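Let me begin by presenting the structure, written as structure tokens, before commenting on it.
The values are calculated or read from the model by the stated rules, or taken from the named source; none is laboratory data. All figures in this text were calculated on a predicted structure; none of them were measured in a lab. Glycine also receives a Cβ, built like all others from the backbone with ideal geometry; neighbour counts cover every protein chain displayed. Just the protein is used for accessible areas: all its heavy atoms, side chains included, with ligands, DNA and RNA removed. Shrake-Rupley method; radii C 1.70, N 1.55, O 1.52, S 1.80 Å.
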Amino acid sequence: MGHAAPHGGDRAAGHAGDESPGGGHRPGHATGRDVVIVGAGFAGTSVFLHLVRALLRPGTRTRNGPAARPVRSVQVVDPHPVGWGLAFGDSDPLLVCNSAADVNSLLADRPADFIDYLRARGASPEPQDCVPRARMAEYCHDRHTEARALAVAHGIEVRHVRDTAVSVSTGADGHRVRLRGGQEISGDEVVVCTGVHRPRVPDGFAAFTGHPRYLDSPYPAGRIRNGLPRGSRVLVLGTHQSAVDAALLLCRDGHRTTMASPSGFLPAVRHSLAAPVRDFPPLAGIARLDAADPRLEAKVTRHAVEAVRLLDRRPLRAQTSTAADPVRRLREETALVESGVCSWPGVVVPLLEGVIALSAALPAARRRALMAHFTWFVGRYATALTVLNARRLLAHFDTGALRMAPGYPRAVSFDGGAWRVEWPRATPDGSTASFDYVVNATGFLAPELRWDPDGKAVHVDGAPGPTAAVDHLEADLRLRPRPGAQPEHIWVAGVGTHLRIPFSNHLRNVVRQARQVADEIAALP
């Protein structure tokens with residue numbers, strides 16, 4: 001996951017090379033174009049690295065012939081230090097990446113770059129290891145610093161504008177990126193790489209947004225570590241990745257924690273989300289399926305099952321638990337992973353990439369229907385737990401510090417200094433419960449781009465007033481004010497491509513997008 005974010009985690013803001021917001025002038029004095037990258041998370045950093053490499057590649061040519069310097073400046077817009085966003089910008093050691101080190105490279109043609117980075121700094125990770133998220137933030141920041149020095153040495157000006165981009169307006173003389181602080185910066189090409197930062201509002205809690213005993217997100221971890229009195233009774237809304245993070249942080253800090261969600265299920269368990277160890281012809285065949293086939297979903301499922309059988313002839317039912325109780329299911333699936341009787345995780349990455357390739361041929365409505373059909377897979381298997389976090393959860397369940405609720409709250413109120421929650425069915429303790437705090441861990445809304453009515457400005461992640469949502473993105477990843485119109489010199493990379501790309505936060509796909517956009521910009525006349 002590469003995201004821009006509303007905070008810098010627990011990391012101090014001062015980093016070498018960071019700069020304050022600038023004025024609206026065009027930077028640089030040499031000939032060439034000015035590029036603005038909105039977002040300095042994983043996606044924005046990957047675009048920057050690929051762009052610098054493309055610009056300095058020997059024999060680089062534009063479409064009109066050779067050009068020593070087709071780009072004269074790059075401005076990266078983000079209020080936080082490069083890399084230290086919502087996805088990875090938290091230094092709490094309890095928070096680890098869900099994906100393996102071998103799929104976390106910033107460079108599309110160097111898949112081992114993250115592992116090489118860690119080993120050069122004294123660590124010794126195995127390719128399938130999940131490392132603390134702060135290591136990813138440091139990796140993004142350090143690789144950006146290295147690429148920046150290289151670009152500057154070759155006459156390309158690079159600036160980090162410490163502000164938030166609000167909108168991008170179009171015009172005959174280029175684009176104007178308006179900042180939250182009221183200033184504007186200019187660019188000939190703009191790449192929007194904003195990540196997620198708006199928490200979902202869970203059912204029944206819309207009236208409590210902003211309440212002092214309601215945390216709209218568990219991030220940064222310091223909100224929990226420093227903001228809750230020890231021994232608090234805490235209700236965590238959600239049971240997936242963010243909720244697991246919240247539960248682990250709360251239990252570590254001595255809080256009595258209850259997790260609740262409509263499904264009541266925890267994710268499945270695996271070692272990590274790692275790169276495939278072999279080729280899987282059945283999964284490569286997914287991209288060639290007929291988009292109009294009414295049995296498309298069944299055929300995707302069959303291809304996935306055939307791929308698992310290439311790794312293990314045991315049936316899938318022998319590799320997972322069907323226990324109805326979520327804690328028992330977690331325990332059984334953890335044991336399966338630890339005993340080596342769990343091969344299905346080995347096909348997840350190529351399966352995701354097969355579905356991404358298939359989606360390119362699907363109309364938007366058909367793509368949405370396909371993804372809706374596989375909600376069960378995404379919720380439990382595509383976003384499965386690392387076995388490390390599964391063990392941690394089980395330890396807290398065993399001590400009684402952590403519990404699963406008997407369903408999602410049917411009704412909730414705040415009275416007499418405590419939350420009053422009514423469960424959908426009675427428990428041995430009754431049909432109601434009291435909590436000191438509620439932590440929303442139901443996830444984040446995907447970033448939303450919106451056009452002004454005249455199509456001359458696009459707002460980054462929502463806008464007030466009469467605007468129209470960007471609901472179309474073609475293969476070139478460039479924005480168009482309407483289907484069929486000429487593309488603007490505005491690209492989207494990363495999570496914002498969810499309009500076209502399922503699993504848009506899959507890092508191997510993000511870096512491929514980054515390379516595509518960077519190469520396209522470097523080749524423009």
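What to note about this one:
- You will find that of Ala369, Ala361, the residue that is among the aliphatic types (A, V, I, L, M) and either assigned to a helix (DSSP H, G or I) or modelled with pLDDT of 95 or more (or both) is Ala369 and no other.
- Qualifying residues in the stretch 315-334 (those that are open to solvent by 50 Å² or more (accessible area, probe 1.4 Å) and free of Cβ contacts under 8 Å to residues at least 60 places away in the same chain) - the one nearest to Pro406 (Cα to Cα): Asp325
- Index of the failed condition, Asn509 passing every other in (1) in contact (Cβ under 8 Å) with a residue 60 or more places away in the chain; (2) polar (S, T, N, Q); (3) in contact with a Pro (Cβ under 7 Å, 6 or more places away or on another chain): (3)
- Exclusive hit being within 19 Å of the chain's Cα centre (by Cα), surrounded by fewer than 22 Cβ atoms within 10 Å (Cβ to Cβ) and either modelled with pLDDT of 95 or more or of a type in the set (S, T, N, Q) (or both), set Leu107, Leu118: Leu107
- Listed by position, the strands (runs of 3 or more DSSP E) inside the stretch 406-502 whose residues that are free of Cβ contacts under 8 Å to residues at least 60 places away in the same chain and open to solvent by 20 Å² or more (accessible area, probe 1.4 Å) number at least 3 are 418-427, 430-435.
- Filter pass, Arg225 being open to solvent by 50 Å² or more (accessible area, probe 1.4 Å), in contact with a helix residue (DSSP H, G or I) (Cβ under 9 Å, 6 or more places away or on another chain) and within 19 Å of Leu402 (Cβ to Cβ): yes
- Ala149 being among the hydrophobic types (A, V, I, L, M, F, W, C) and crowded, with 20+ Cβ neighbours inside 10 Å: no
- Contact map, the stretch 207-218: residues that are among the hydroxyl-bearing types (Ser, Thr, Tyr) paired with residues that are open to solvent by less than 20 Å² (accessible area, probe 1.4 Å) and in a loop (DSSP other than H, G, I, E, B), Cβ distance under 8 Å, separation 6+ or inter-chain. Pairs shown: Tyr214/Phe205; Ser217/Ala441.
- Boolean, Ala275 is in contact with a Pro (Cβ under 9 Å, 6 or more places away or on another chain), surrounded by fewer than 22 Cβ atoms within 10 Å (Cβ to Cβ) and not polar (S, T, N, Q): yes
- In the stretch 121-144, the residues that are of a type in the set (Phe, Trp, Tyr) form no Cβ pair under 6 Å with any partner that is assigned to a loop (DSSP other than H, G, I, E, B) and surrounded by fewer than 18 Cβ atoms within 10 Å (Cβ to Cβ), whether six or more places apart or across chains.
- Checked against the criterion of being touching a residue at least 24 places away in the same chain (Cβ under 8 Å) and in contact with a Lys or Arg (Cβ under 9 Å, 6 or more places away or on another chain), the candidates Leu394, Leu351 yield just one match: Leu394.
- Residue in the stretch 145-157 that is within 25 Å of the chain's Cα centre (by Cα) and either outside any helix (DSSP H, G or I) or under 17 Å from Ala87 (Cα atoms) (or both) present: no
- Only one of the numbered conditions (1) touching a Phe, Trp or Tyr at 6+ places or on another chain (Cβ under 8 Å); (2) farther than 30 Å from Ala433 by Cα; (3) acidic (Asp, Glu) is violated by Glu184, and that is (1).
- Those residues of the stretch 213-227 which are within 17 Å of Gly254 (Cβ to Cβ) and part of a loop (DSSP other than H, G, I, E, B), in sequence order: Pro218, Ala221
- Residue in the stretch 458-477 that is closer than 23 Å to Asp245 by Cβ and in contact with a Pro (Cβ under 6 Å, 6 or more places away or on another chain) present: yes
- Some residue of the stretch 383-400 being hydrophobic (A, V, I, L, M, F, W, C) and at pLDDT below 95: no
- Residue match in the stretch 273-287 (condition: in contact with a strand residue (DSSP E or B) (Cβ under 6 Å, 6 or more places away or on another chain) and within 29 Å of Cys130 (Cβ to Cβ)): yes
- Sole residue being in contact with a strand residue (DSSP E or B) (Cβ under 8 Å, 6 or more places away or on another chain) and open to solvent by less than 10 Å² (accessible area, probe 1.4 Å), chosen from Val166, Val190, Val196: Val190
- A residue that is assigned to a loop (DSSP other than H, G, I, E, B), more than 20 Å from Thr45 (Cα to Cα) and under 20 Å from the mean Cα position of the chain (by Cα) occurs somewhere in the stretch 94-104.
- Criterion (open to solvent by 10 Å² or more (accessible area, probe 1.4 Å) and modelled with pLDDT of 95 or more) met by exactly one of Leu283, Leu237, Leu289: Leu289
- Residue within the stretch 443-458 that is more than 27 Å from the chain's Cα centre (by Cα), under 30 Å from Arg256 (Cα atoms) and of a type in the set (A, V, I, L, M, F, W, C) present: no
- Single match in Val327, Val347 (criterion: in a helix (DSSP H, G or I) and farther than 17 Å from Thr239 by Cα): Val347
- Condition met for Ser261 (more than 20 Å from Pro345 (Cβ to Cβ), open to solvent by less than 20 Å² (accessible area, probe 1.4 Å) and either among the aromatic types (Phe, Trp, Tyr) or under 22 Å from the mean Cα position of the chain (by Cα) (or both)): yes
- Matching residues, the stretch 166-212, being more than 24 Å from the chain's Cα centre (by Cα), in a loop (DSSP other than H, G, I, E, B) and under 24 Å from Leu477 (Cα atoms): Ala172, Asp173, Asp188
- Residue in the stretch 424-439 that is of a type in the set (Lys, Arg) and under 26 Å from the mean Cα position of the chain (by Cα) present: no
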